[in-house]
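The structure appears below as structure tokens.
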Amino acid sequence: MIVPPNVLRVFVLVLSLLCPQIGWTQDSRKEIEQTAELLTTLLNAGRVVVERNQSLINDPVKADKGFTPEVFEQLVREEFLQQTLIDLQHPPSSLPPLTKDLLATLLLTSKEVVGDAQFVINQRGIGYKNFIPATFGSQAARKFSNRSHVTIKQTTLNPRNLKNSPDAYEEMALSRLATRPSATTPVVEWIDGGQLLRAMMPIYYSEDCLTCHGSPKGILDISGYPREGAQVGELAGAISIQIPTDHR
């Protein structure tokens, strides 16, 4: 039997109203938690790629850096594959369709951020260009959140950018993370009667971070902010993510 298109559309609409979690399987909680982990890992992979290319980006002599959106995308794919064993070009069939769509959207918005920064990145005569992991992460997270039902952001207890200030939940989770030894295990909790997942993936200071955030504390760094006096392995902040079970 062939179902008329208008009848099919009505059926899909009614089904979506009756089953707001359509798109996730019966193991939706596990799938949403996995999605949160993969999204935060992908955003952090972009941060890692920017960090590894920081000296190139800040080169005041070289004009065309070759750090194009396409090059960035390939490097992020490789970093993500190394961390998760998932090839974003050929994601496994076991990943839910919504997870694949969200990962593709985050990769696209991350690539767009690098594209928007090309003029700045390729400027000669300027060293520090304020295109750093934190800047990239904030812009990519904001673009992604505006295009999806998922909210993602970078946050820390002492933000330089007030847009990254933690809300009450994030402040509590960051305080808990600060007491734990350096680890990649995120804080994951279901709130609002199990209707909203909140997760926090910790970010720790690396050696490269200390150029701006290390000692001596209080001395202005290259960006004009006072250094925090941080040490390698200390909690820098977290990538915060919120995913509702109702994805409409």
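The values are calculated or read from the model by the stated rules, or taken from the named source; none is laboratory data. Everything numeric here is computed off the predicted structure, so don't read it as measured data. When we count neighbours, we look across all protein chains shown, and the Cβ atoms used for this are built from the backbone with ideal geometry, even at glycine.
List of remarks:
- Close Cβ contacts (under 7 Å, 6 or more residues apart or on different chains) running from residues in region 112-126 that are farther than 15 Å from Ala63 by Cβ to residues that are part of a helix (DSSP H, G or I) comprise Glu112/Lys143; Val113/Phe136; Val113/Gln139; Val113/Ala140; Val113/Lys143; Val114/Pro69; Val114/Phe72; Gly115/Pro69.
- Which listed residue is at pLDDT 95 or above, more than 30 Å from Gln195 (Cβ to Cβ) and either crowded, with 17+ Cβ neighbours inside 10 Å or under 15 Å from the mean Cα position of the chain (by Cα) (or both), from Glu51, Glu78, Glu112: Glu112
- Every condition in (1) in contact (Cβ under 8 Å) with a residue 12 or more places away in the chain; (2) closer than 18 Å to Ile241 by Cα; (3) outside any loop (DSSP other than H, G, I, E, B) is met by Thr135 except one, and the failing one is (1).
- Residue pairs whose Cβ atoms lie under 8 Å apart, sitting 6 or more positions apart in sequence or on different chains, and linking a residue in region 80-95 that is assigned to a loop (DSSP other than H, G, I, E, B) to a partner that is of a type in the set (Phe, Trp, Tyr) and modelled with pLDDT of 95 or more, are Ile86/Phe80; Leu88/Phe80.
So that you can scan it fast, the table gives a plain yes or no per residue for (1) within 18 Å of the chain's Cα centre (by Cα); (2) loosely packed, with under 12 Cβ neighbours inside 10 Å; (3) on the phi > 0 side of the Ramachandran plot:
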| residue | (1), (2), (3) |
| --- | --- |
| Pro181 | no, yes, no |
| Asp192 | no, yes, yes |
| His213 | no, no, no |
| Leu220 | no, yes, no |
| Tyr225 | no, no, no |
| Val232 | no, no, no |
| Ile241 | yes, no, no |
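Conditions tested, residue by residue: (1) free of Cβ contacts under 8 Å to residues at least 24 places away in the same chain; (2) closer than 30 Å to Lys62 by Cβ; (3) among the acidic types (Asp, Glu); (4) in contact with a Phe, Trp or Tyr (Cβ under 9 Å, 6 or more places away or on another chain).
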residue: Asn130; (1), (2), (3), (4): no, yes, no, no
residue: Arg142; (1), (2), (3), (4): yes, yes, no, no
residue: Asn146; (1), (2), (3), (4): yes, no, no, no
residue: Pro166; (1), (2), (3), (4): no, no, no, no
residue: Tyr169; (1), (2), (3), (4): no, no, no, no
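- Residue within region 100-122 that is assigned to a loop (DSSP other than H, G, I, E, B) and more than 16 Å from Val50 (Cα to Cα) present: no
- Qualifying residues in region 226-248 (those that are at pLDDT 85 or above and in a loop (DSSP other than H, G, I, E, B)) - the one farthest from Arg47 (Cα to Cα): Thr245
- The set of residues from region 190-208 being touching a residue at least 40 places away in the same chain (Cβ under 8 Å) and either among the small types (Gly, Ala, Ser) or part of a loop (DSSP other than H, G, I, E, B) (or both) comprises Gly194, Gln195, Ala199, Ser206, Asp208.
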